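Quick notes on the structure that follows.
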Amino acid sequence: MNDLREKCPWDKKQTIQTLRQLTIEETYELTDAITDENWAGIKEELGDLMLHLVFYAKLEQRKKNLQ
């Protein structure tokens, strides 16, 4: 996550507000995979959501460091 925040232009500009809708979309994608009993899809979407959790934690850490 540190590398992404430092090197990826898209990741650099993300905030909790810009990630909000993306997290909602990932959650819907997970629910679709669960409904379809698509275990590969469930695994993928859980990974995406876990990345979002790490991203939120990183944003909070950065906010604390700037204060």
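The values are calculated or read from the model by the stated rules, or taken from the named source; none is laboratory data. Just so you know, these numbers come straight off a predicted model, no measurement behind them. Virtual Cβ from ideal backbone geometry, glycine too; neighbours counted across all protein chains shown.
Looking across the stretch 24-59 at every residue that is touching a residue at least 24 places away in the same chain (Cβ under 8 Å) and among the charged types (D, E, K, R), the one that is nearest to LEU4 (Cα to Cα) is identified as LYS58.
If I ask for residues that are of a type in the set (Val, Ile, Thr) and touching a residue at least 12 places away in the same chain (Cβ under 8 Å), which ones from the stretch 1-23 would you list?
Our first condition is that a residue be of a type in the set (Val, Ile, Thr); within the stretch 1-23, this holds for 15-16, 18, 23.
Once the filter is applied, which keeps residues that are of a type in the set (Val, Ile, Thr) and touching a residue at least 12 places away in the same chain (Cβ under 8 Å), the stretch 1-23 yields THR15, ILE16, THR23.
In this entry, THR18 passes the filter for residues that are out of contact with any helix residue (DSSP H, G or I) (no Cβ under 9 Å at 6 or more places or on another chain) and within 23 Å of LYS63 (Cα to Cα). For the stretch 1-17, a residue qualifies if it is in a helix (DSSP H, G or I) and surrounded by fewer than 12 Cβ atoms within 10 Å (Cβ to Cβ), and the qualifying residues are ASN2, ASP3, GLU6, LYS7, PRO9, TRP10, LYS12, GLN17. Would you point out which residue out of GLU45, GLU37 is modelled with pLDDT of 95 or more and outside any helix (DSSP H, G or I)? Exactly one of GLU45, GLU37 is modelled with pLDDT of 95 or more and outside any helix (DSSP H, G or I), namely GLU37.
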